[in-house]
Structure formats: C-alpha cells, structure tokens
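What follows draws every value from the coordinates through simple rules; no lab data is involved. Just so you know, these numbers come straight off a predicted model, no measurement behind them. Reconstructed Cβ throughout: ideal geometry from the backbone, glycine too, with neighbour counts over all protein chains shown.
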Amino acid sequence: MLLVHDVRPTTQDIDGWIVPENHIERHIRAVGVTLGDEHWLNEQALMYFPDQHPGKGDFTPFHDYGHLSVQVADERTMFAMKANVLRNPQDRRYFQYLAEILNIRTVEDALIVIGRYYRELTPGKSPPLRECWMRSIRAIADIAQQDATLAGAYQWAIGQFLDDFRSAAPAQRSELIAEAPAVTDGRLAALPAGIVDALCDETGTKRPEWLSRIGVRSPRPFFVMRPEGDCTVDFAFTQMLYSPPWFFSRDVFVPGNYLVRA
C-alpha cells in the first residue's frame, strides 16, 4: 500500500513472503541489529495470504536489483487480504480505497473477488469462513440499527453548525472550533471531530490543538444516518465504502454527501 499506492507515508515494519528464506535470513538479522528491530522484515502476514491461489495470490514485479527481486500483490489480492482481516480503521481505509479501484459496490461484488483467493469464501457456498465474514458484516449492520436510535437528536445542531462555520469570517471560524466538544459518548466525540477535520480542509482553517491531541476515534463503528427500513448488510457495507476519509478514519460512517447543505 505504501510502495505502489502511496496511501501512507511510512510503515512500522515490512510484511512479506521471503523466498528462499534460508538464503536471506542472516542478512535480515544483520539489518535488524543495525535498526534495533529484529522484526523489521517478517512473514507474519503469511497467515492472511490466499489459500487456494497459485503462489498465494497474484503478484507483479516492482523492482529487480539483480541479486534481489521485489514483487507486490495486485489490487485484487490486496482487497481479498484486507477483507479477511479488517482489524482496525487503517485496514478498513485500505479496504475502502481498493474497493473504489476495483469498482466493488455490494457485498456480493466483494465475495466474488474474495472467493477467487480463499477456498472457504467461494460464492454460492456457505462454509465457515464465508459465514464468518458475513456475520461480521451483519454485526456491523446490527450496530448501525442501534445507532439509528440516536439519529435526529443532534442532526439539526450539526446542520446549524455547518451553516454558521461556513458563513463566518476566518477568525470567527477558529473561535468556533477552539474547544473540544463536551460530550462523554465516544461516538458523539468522534463525529464532530470528523466534521471539524473536514471543514478545516474545506476552508483552509488551521486545525485546533485538541483535534491532534485527542485523536478522537469512536470506540466502535458508528453509523450516523438511518436508512429507510432496517439497517441491512448492504447498507452497512455501502456506508463503509463511501464514508469520507475524515470520518472513516475515526470509525464513523456517513453518506458521501453528509456535509452538503441544500
């Protein structure tokens, strides 16, 4: 994601598939001693590699140094691997990014790609891994249904704040966001943090100190808007795909046009 797609500036370590490992292991250890990090290059991600595809996925050459060849997983392989973990907001951000590249719009679209690489996720069957992944999406949909009970209680105030901020002079904008929101619910702290982050980008306003200091993130996935009827699996999945980055990175999910005012 760093080398090919440039979606992050740095990485804590390099996860890879080292072949042949016995020829390079001592060199990896030597570099680790210099860096002070014995795990700087490791194969921990192998547990997530595709189980049914030749070569554990589709890889393309990145650079050949003569004595060392570096290959990278293509977008479909990476999407399948990220869908298989979705451990944290960063993984979900990559999942969203790759889904956009691959034009994936529904749960079934995702399963078709994932089924190419993971034997137990082949579309049309219901073995454990497929059901496990679907259960995780259903669980998120259930969370969205619970969050729907909050809807409407604060949306009017948010709309008023958006209008006030956008119509204010630059100095007044800074005053409006100088203090962190005084709420105890982590979800309702992460939502205004995302709004402020987005508005600062939109207007060129300097971000308040509290935004970087707190690093506000919802304690669990937070779905802000309620659909018509029940919160289905496809609704939750679509919200995960299209929620803007200021919210998505905080585990808050809103429609793509959430900040648009009529």
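Amide H to amide H, with H built 1.01 Å from N, Gln71 comes under 5 Å of Phe62, counting only residues 5 or more places away or on other chains.
Summarising the amide proton neighbourhood of Leu41: residues at separation of 5 or more, or on other chains, whose placed amide H is nearer than 5 Å comprise Ile14. Computed with the Debye formula from one identical point scatterer per Cα of the range 149-253, without solvent, the log10 of I(q)/I(0) at q = 0.12, 0.16, 0.21 Å⁻¹ comes to -0.42, -0.73, -1.19. Charge tally for Gly204 (other residues, Cβ to Cβ under 15 Å; Lys, Arg +1; Asp, Glu -1): +1.
Taking label positions 7 Å along the Cα-Cβ direction at both Leu68 and Val7, the computed distance is 2.5 nm, reported to one decimal. Residues Val233, Val252, Val183, Val113, ranked from the fewest to the most other C-beta atoms within 10 Å, line up as Val183, Val233, Val113, Val252.
Computed extension gain for Ile158 through Glu175, at 0.36 nm per residue and net of the alpha carbon distance, reaches 4.5 nm.
The Cβ shell under 11 Å around Asn103 holds other residues with a net charge of -2, Lys and Arg each +1, Asp and Glu each -1.
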